[in-house]
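Here the structure is laid out as structure tokens; the discussion comes afterwards.
The values are calculated or read from the model by the stated rules, or taken from the named source; none is laboratory data. Quantities reported herein were computed from a predicted structural model and do not represent experimental measurements. Note that each Cβ is placed from the backbone with ideal geometry, even for glycine, and that neighbours are counted across all protein chains shown.
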């Protein structure tokens, strides 16, 4: 197993009870919402994810979220062939709004107050993105879901995730994936792939490890925001990572 000199304890002291972070941004891909489906939203998976987020909120952590739209855009990807890139990107942004509203509904069903803020104004369904309002929501214990990316084409949802984490003053950017951290290769294709316990930002960029896109990594580095990569596929892993437990990879220069 590969590791840099940094240990998990260097990021936050270990404890069985106390969360390691006060405010985090959770970045999820849209594919996570599919469950075992080919595209769309699996209600069982959606409810499980909402329960995981509630567990972290109940620990006293202020949570904001950015979710992608691969589960929706995958269903219309055939129609996107030959489409102008800007138009295709705007379709993807609208898909993130759909996912954000679905996640809001699942969270509010279990009594977690939630607000959706969109970078593309659409007041009929959600709030426009206003930084100070988002901060106030989180201070009141509400979950805030940021939709429509940054409102600009040519960016993946990784970059607005790093941007919003910076704007919200988050202690960490937490990326929920299908695997329990960052590996030397895709563990689904290479059984010999080894998981990193810790990395620094330049390792990610120079080794092209595909943690997040390069713009997001650079933004996190410039603002000294650690990135935690963990598996969101198993129930309870989010809260476990917030306690500094379980398997995950930390990306930081500390």
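Only residues that are modelled with pLDDT under 95 and surrounded by fewer than 15 Cβ atoms within 10 Å (Cβ to Cβ) were counted in the stretch 138-154, giving 1.
Of the residues making up the stretch 223-250, those that are under 13 Å from residue 176 (Cα atoms), in contact with a helix residue (DSSP H, G or I) (Cβ under 8 Å, 6 or more places away or on another chain) and buried (at least 16 other Cβ atoms within 10 Å of the Cβ) number 12.
Determine whether residue 73 is buried (at least 18 other Cβ atoms within 10 Å of the Cβ) and modelled with pLDDT under 95. Lay out the reasoning, then the answer.
Numbers: buried (at least 18 other Cβ atoms within 10 Å of the Cβ): yes; modelled with pLDDT under 95: yes.
Yes.
One residue alone among 210, 189, 233 is assigned to a loop (DSSP other than H, G, I, E, B), under 18 Å from residue 65 (Cα atoms) and modelled with pLDDT under 95, and that residue is 233.
Cβ separations smaller than 7 Å between residues 6+ apart or across chains give the following pairs from the stretch 11-25 residues that are within 12 Å of residue 241 (Cβ to Cβ) to residues that are part of a strand (DSSP E or B) and modelled with pLDDT of 50 or more: 11/250; 21/172; 24/63; 24/172; 24/174. The one condition from (1) within 20 Å of residue 166 (Cα to Cα); (2) modelled with pLDDT of 95 or more that residue 254 does not meet is (2). Only one of these conditions is not met by residue 101: (1) over 14 Å from the mean Cα position of the chain (by Cα); (2) buried (at least 20 other Cβ atoms within 10 Å of the Cβ). Which number is it? Residue 101 satisfies all of (1) over 14 Å from the mean Cα position of the chain (by Cα); (2) buried (at least 20 other Cβ atoms within 10 Å of the Cβ) except (2).
So is residue 180 farther than 14 Å from residue 62 by Cα, out of contact with any strand residue (DSSP E or B) (no Cβ under 6 Å at 6 or more places or on another chain) and in contact (Cβ under 8 Å) with a residue 40 or more places away in the chain or not? Give the steps one after another, and end with the answer.
Numbers: farther than 14 Å from residue 62 by Cα: yes; out of contact with any strand residue (DSSP E or B) (no Cβ under 6 Å at 6 or more places or on another chain): no; in contact (Cβ under 8 Å) with a residue 40 or more places away in the chain: yes.
No.
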